[in-house]
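S.K.: First, the structure itself, so that you have it in front of you.
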Amino acid sequence: MLSFDSNRYHIESSISQAENFSVMPLCLVNQSLFSLPTEEPSIECEKEPGSLLWIFVMVGNIVRGMGETPIMPLGISYLEDFAKAENSPFYLGCLHTATVIGPFLGFLLASFCAELFVDLGSVDAEDITITVTDARWVGAWWLGILICASLNLLAGIPFWFLPKSLVKEGEINEPEEMSEKSVAPLQENDKNEAKQTMYEIAKDFTPFLKDLFRNPVYMLFICITVLQFSAFNGMISFMPKYLEQQFGKSASDAIFLIGVYNLPVICVGYFFGGLFMKKFKINIYQAANIAFWVSLLEYLLYFAAYWTVCDTSPVAGLTVSYEGIEQVSYAENTLLAGCNRDCDCPLKIWDPICGNNGITYVSPCLAGCKASRGTGKSVVFENCTCVAASAFSAQNVSAILGQCDGEENCDKMLHYFLILSLVCSFIFSLAAMPGYMVLIRSLKPEEKSFGVGIHGLASRVFAGIPSPIYFGALIDTTCLKWGTMTCGGEGACRMYDIVTYRWLYLGLPAILRGVSYIPSALILLILKKKLKSESQILLNAPVEMQDKNQEALK
């Protein structure tokens, strides 16, 4: 983070990073020698200017989006226009397979960066008093941006060497002598065609847009994409947080597991989906049927995720009482109990410790700890009255830094969840290529580039941008304990009510995807009706016209 000219990350902790000794807040009853840290920010702190580095990130994403936008619409249109009809699904499958390899490598890189502390190179590892599984841990996010930016620059170099035009698949190259004679006329025609194309694009923009809006299959497909992509984008954005909260994994492990379990099988699904379309020469109605039923099978299987659950981690005052009785509380005053009421503890600090009774306490002070020994991560808090209150024995009531580890059964549930995610990702990716061919084949040849571009725009504007916002807003309503920023403001959520979190995280995508099957069914009805009418025309057409019409149906 210091590489971006920003201040060091301040860890919300009871342990001094500079001197490695236990400091306030401890429970010091009737001792005025020490002053507890105030929860109100100082005047100097309030005047501290905020960072403007987010502007650079925003501008960088805008520029990246401008560079990426032409590649998919124009590339897909080219493949569809210049490849054989039976080969284009396979080529598109290969293209989409390649687009998944990048995120897979990105997840591995993100996992590596998340395991490194954000102030890499400027903070001694011995001074860090938290671990990667702690909710306060921030990884070296900026390192991944630098590496990916460098790779993007290198990846752009081959585009300068692409030929201006390619021979359509299946056509034979002209003899060399004929080609040399026609070079000059062709170059002149290319210039005139370029001028005409720009003029036609400017003139025909509105008619093209009207034609797309009047295309029922295309518009319904956009509705499906917005709903499905909203569900997918929301799930993938918060899946690392879900694995952290539900199964107790670190951010680094969560990102790594998502990349390894999900993305390789998506590549395989895209490839075999395109290969299946090529081998059996599937028409648009058959493709829509395959996409619908395969996707519906994955959707029904998805509900099994509700059974891959772990017990709520016991945190005194949040998920259990100080006596160890289960109760979920969103109120701040439940952090206080008879064992710590005289300690005058600050309630906004999040510095969890694990008592030897298996219960996590929000801070050493709220655990009633009156002494400590050791330094850094090895600090042990002793004479903890709240630990004694729920322990079977009042002897040796101590606590160590960090939250208590989850139950062993939780690792088994995590494996079940990841295997289920793997199977669902594979089945859904099998339906992706037939579904995408419905979009491509529903457009006229002259509309393909524009139609694919509008489709991509709609999916990003109506799904890619808003879905993480409302997913995040709903998930934030399940927060049990908010962190505190340096100047006293509300920070990131430190702990969630994982039961409500699970219902929202899995339920909202289920609703969005369930609604998407309504326009999917309408597309099937429209294509079936269209296929019947075209089949009737074939029966009434002369024999010599039937071969051409049959090819058009494909």
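The values are calculated or read from the model by the stated rules, or taken from the named source; none is laboratory data. Model, not experiment: these values are computed from the prediction. Cβ coordinates were reconstructed from backbone atoms using ideal geometry, including for glycine residues, and neighbour counts include every protein chain displayed. Accessible surface is based on the protein model in full, side chains and every heavy atom, while ligands, DNA and RNA are left aside. Shrake-Rupley method; radii C 1.70, N 1.55, O 1.52, S 1.80 Å.
S.K.: Going residue by residue through region 326-340, is there one that turns out to be part of a loop (DSSP other than H, G, I, E, B), touching a Phe, Trp or Tyr at 6+ places or on another chain (Cβ under 7 Å) and of a type outside the set (Gly, Ala, Ser)?
M.R.: yes
S.K.: Quickly run through region 341-354 and pick out the residues that are in a loop (DSSP other than H, G, I, E, B) and under 32 Å from the mean Cα position of the chain (by Cα).
M.R.: Within region 341-354, Lys348, Ile349, Trp350, Asp351, Pro352 meet the criteria.
S.K.: Determine whether Ser372 is of a type outside the set (A, V, I, L, M, F, W, C) and either within 37 Å of the chain's Cα centre (by Cα) or farther than 21 Å from Thr129 by Cβ (or both).
M.R.: Judged against the criteria, Ser372 is not a match.
S.K.: Could you list, in sequence order, all residues of region 277-300 that are open to solvent by 60 Å² or more (accessible area, probe 1.4 Å) and not aromatic (Phe, Trp, Tyr)?
M.R.: Here is the first cut: in region 277-300, the ones open to solvent by 60 Å² or more (accessible area, probe 1.4 Å) are 278-281, 286, 293, 297, 300.
Selection gives Lys278, Lys279, Lys281, Gln286, Leu297, Leu300.
S.K.: Right, something else. Condition first: crowded, with 22+ Cβ neighbours inside 10 Å and aromatic (Phe, Trp, Tyr). Can you find one or more residues in region 257-276 that meet it?
M.R.: So far as region 257-276 goes, yes, one or more of its residues are crowded, with 22+ Cβ neighbours inside 10 Å and aromatic (Phe, Trp, Tyr).
S.K.: State whether the residues of region 473-491 include one that is of a type in the set (Phe, Trp, Tyr) and modelled with pLDDT of 90 or more. Don't jump to the end; show me each part of the working.
M.R.: Here is the first cut: in region 473-491, the residues of a type in the set (Phe, Trp, Tyr) are 482.
Add one more test, that the residue is modelled with pLDDT of 90 or more, and what stays is none.
No, region 473-491 has no match at all.
S.K.: Sticking with this structure for a sec: Within region 483-509, which residues are hydrophobic (A, V, I, L, M, F, W, C), closer than 19 Å to Ser363 by Cα and not in a loop (DSSP other than H, G, I, E, B)?
M.R.: Ala492, Cys493, Met495
S.K.: Any residue in region 344-359 that's more than 14 Å from Tyr322 (Cα to Cα): show its pairings with residues that are open to solvent by 30 Å² or more (accessible area, probe 1.4 Å) and assigned to a loop (DSSP other than H, G, I, E, B) at Cβ separation under 7 Å, as long as the two are six or more apart or on different chains.
M.R.: Listed by first residue and then by second, the contacts come to Asp344/Leu36; Pro346/Leu36; Pro346/Pro37; Pro346/Glu39; Lys348/Glu39; Asp351/Ser13; Pro352/Gln403.
S.K.: Select, from Gly121, Gly139, the only residue that is modelled with pLDDT under 85 and surrounded by 13 or more Cβ atoms within 10 Å (Cβ to Cβ).
M.R.: On inspection, the qualifying residue turns out to be Gly139.
S.K.: If a residue has to be within 22 Å of the chain's Cα centre (by Cα) and free of Cβ contacts under 8 Å to residues at least 12 places away in the same chain to count, how many in region 407-418 make the cut?
M.R.: 1
S.K.: Given the conditions (1) open to solvent by 40 Å² or more (accessible area, probe 1.4 Å); (2) at pLDDT 65 or above; (3) of a type in the set (A, V, I, L, M), and given that Val100 satisfies all but one, which numbered condition is not satisfied?
M.R.: Condition not satisfied by Val100: (1).
S.K.: Just checking, how many residues over region 529-546 are part of a helix (DSSP H, G or I), surrounded by fewer than 11 Cβ atoms within 10 Å (Cβ to Cβ) and modelled with pLDDT under 70?
M.R.: 2
S.K.: I've got another one for you. How about region 227-250: which of its residues are surrounded by 22 or more Cβ atoms within 10 Å (Cβ to Cβ) and under 19 Å from Leu105 (Cβ atoms)?
M.R.: Pro240
S.K.: Exactly one condition in (1) in contact (Cβ under 8 Å) with a residue 40 or more places away in the chain; (2) under 18 Å from Gln403 (Cβ atoms) is false for Lys281; which is it?
M.R.: (2)
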